[in-house]
Amino acid sequence: MDSLKIYGGTALTGEIAISGAKNAALPLLACGLMVGTETLRLGNVPDLADTRLMLALLGHLGVEAKKDGDDLLLSGAATSLVAPYDLVSQMRASILVMGPLLARYGEARVSLPGGCAIGTRPVDLHIRAMQKMGAIVELADGYVQARAPKGLTGAKILFPIVSVGATENAMMAACLARGQTQLVNAAREPEIIDLADCLNIMGAKISGAGSDVITIEGVDSLHSGHHSVVPDRVEAGSYAIAAAMTGGHLRLTQMRPHHLESLFEAMRQAGVSVDIGENTAEIRADGRYQAVDIETQPHPGFPTDLQAQFMAMMCLAEGRSKISETIFENRFMHVPELMRMGADITTDGRVAMVTGKPSLLSAQVMATDLRASVCLVLAGLATKGETTVSRIYHLDRGYADLEAKLGACGARLERVSGA
Ligand code: UD1
């Protein structure tokens, strides 16, 4: 397993171009299951472990993926309707093939995501949405078996809580259902808008994406289309925080600053300078910044995917910060690792209190999930000395060219194989 050595203490300076969003690319790739012999052309697909895994799953299902310059071409009728455990267990987002398969082929058999008993880390909202559209769903042998031999029927689907994945699955399925579907209390994330834009280019009739009510008029089929994946707001937010923590000056390009309003507001409140342009953001910090409280919320609230990184930033703030995680039950796995670096953090359920310090200490730490890993990299960059982050395969799931991008701005990072 690879680890990453970080020789910290350098203020990051320079420009970083933001890649396509992982969380937008995954459902967009799943749309490749709905074009049959037509072709979906996607640009700006980030080269990440997760997108490669989704392509492996599509390949298993019969969709052919070809590179054409910087674009990816997807086409082909499904030859299997089964998403097997060995692929799904590696990535929860694999569940996103369920809606497209069911809508296009009337059947899908998808393994439940790994370690994920329904009820504890559920996909119940995805399943309920398919049932509302008339699918017959059975759970057996760790698989969700869904059937709609006569096709899906449009329905009003009210989500009891906001779910990004369930909104996406339902939206994809509803495109090919008979009649109108309404998704109420739908997720409003930019990735939802990106998916709706792409589906509309392919002939779908979706309105309201980006609001909490999405209306879809079913069509008989989808056709070829060309779409470019929206920039990754979590990658951009992570590098913005890196600039603040190292007292640096970074210009982020090819990004959408209005997707990060809640983060930028919190950073400005802390005293960090954030200048936004149409597709750019310039972040400048010198010296210490102030502690700020945040609470994660569905978009446009503070994103849970930036909570760990913001906590790392608050470890070096002046004062005490309260960080509340409202989306996921168990998303403070980075706390013990940050404490190994000398951070002062106490947790009580879903609330963490962080007392800022002038500096952190370098240490050997372990990455536990994707966003927790990058938070440790940021802490390492802001710390004089040598920090080693082990198990960085998590990082490769979501950050394209991280070492090269940070390296070009003065960071000294070294990947150590097999450590
Ligand atoms: C997506 C993102 C992930 C992000 C999350 C929240 C992708 C590939 N991943 O994950 O990076 O952290 O949104 O912004 O886009 N829930 C249920 N039942 C369900 C589905 C979800 O109870 O059937 C719960 C979850 O346990 C969680 C909450 O709903 O507490 C929100 O999760 P959801 O928005 O569905 O997250 P994902 O789509 O899995």
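Within 10 Å of each residue's Cβ, count the other Cβ atoms and sort Met171, Met314 from fewest upward.
On the way: Met171 26, Met314 31.
Exposure proxy ranking, most exposed first: Met171, Met314.
In a simple Cβ point-charge model (Lys, Arg +1; Asp, Glu -1; nothing else charged), the chain has a dipole of about 480 debye relative to its Cα centre. In this simple spin-label model, placing a label point 7 Å from the Cα along the Cα-to-Cβ direction at both His223 and Gln297 gives a separation of 4.2 nm.
When shorter helices are ignored and each DSSP H run of at least 4 residues is given -39500 (n - 2.57), the per-residue value for the chain at 222 nm works out to -8500 deg cm²/dmol.
Extents of segment 1-158, taken as max minus min of Cα coordinates on every principal axis and listed largest first, are 60, 39, 32 Å. Full extension of the segment from Tyr393 to Ile136, taken as 0.36 nm per residue of separation minus the current Cα-Cα distance, would add 88.8 nm.
Put in order of Cβ neighbour count within 10 Å, fewest first, the listed residues Leu376, Leu53, Leu139, Leu74 become Leu139, Leu53, Leu74, Leu376. Length gained on full extension, Arg268 to Thr368: 33.1 nm, using 0.36 nm per residue less the C-alpha separation.
Normalised by 2.2 N^0.38 Å, where N is the number of residues, the alpha-carbon radius of gyration of the chain equals 0.98. Bridge orientation summary for the chain: considering DSSP beta bridges with both residues in this region, about 70 percent are antiparallel. In this label model, Lys150 and Ala404 are separated by 5.4 nm, measuring between points 7 Å along each Cα→Cβ vector.
Each of Met341, Met255 was scored by other Cβ atoms within 10 Å of its Cβ. Arranged with the fewest first, they read Met341, Met255.
One chain, two ends: Gln290 and Leu361. Fully extended at 0.36 nm per residue, the span grows by 23.6 nm beyond their Cα-Cα distance.
Quick one: net charge around Val234, please, counting Lys, Arg +1 and Asp, Glu -1 for every other residue with C-beta under 9 Å from its C-beta.
Summing Lys/Arg as +1 and Asp/Glu as -1 gives 0.
Axis angle, to the nearest 10 degrees, between helix 233-245 and the longest C-alpha principal axis of the chain: 0 degrees.
Given Cβ point charges of +1 (Lys, Arg) and -1 (Asp, Glu) and nothing else, what value in debye, to the nearest 20, does the dipole of segment 25-228 about its Cα centre take?
On the way: 16 positive and 20 negative charges, 116 e Å.
The dipole magnitude comes to about 560 debye.
With R₀ fixed at 30 Å, the C-beta to C-beta distance from Leu73 to Val213 puts the FRET efficiency at about 0.35.
Stokes-Einstein at 10 °C, 1.306 mPa s, Kirkwood radius from Cα pairs: D for segment 192-265 in µm² s⁻¹? Display every interim value, and only then the final one.
Values: Rh = 14.7 Å.
Diffusion coefficient, whole number: 108 µm²/s.
Taken as Cα centroids, segment 255-317 and segment 237-252 sit 10 Å apart, rounded to the nearest whole angstrom.
Taking other residues whose beta carbon is less than 14 angstrom from the beta carbon of Ser75, and scoring Lys, Arg as +1 and Asp, Glu as -1, yields 0. Using a cut-off of 25 Å between Cα atoms, the listed pairs Lys5/Lys405; Lys5/Lys66; Lys156/Lys205 include Lys5/Lys66 as exceeding that distance. Helix 370-381 axis versus longest C-alpha principal axis of the chain: approximately 20°, rounded to the nearest ten. With unit charges on the beta carbon (Lys/Arg positive, Asp/Glu negative), name the residue among Leu402, Gln297, Ser224 whose Cα is farthest towards the positive pole of the charge dipole of the chain. So the residue we want is Gln297. Spatially, segment 120-146 and segment 67-92 are offset by 20 Å when compared through their Cα centroids.
None of the figures in this text is laboratory data; all of them are computed from the coordinates on show. Keep in mind it's a predicted model, so treat the numbers as computed, not measured. Backbone-built Cβ (ideal geometry, glycine too); neighbour counts: all protein chains shown.
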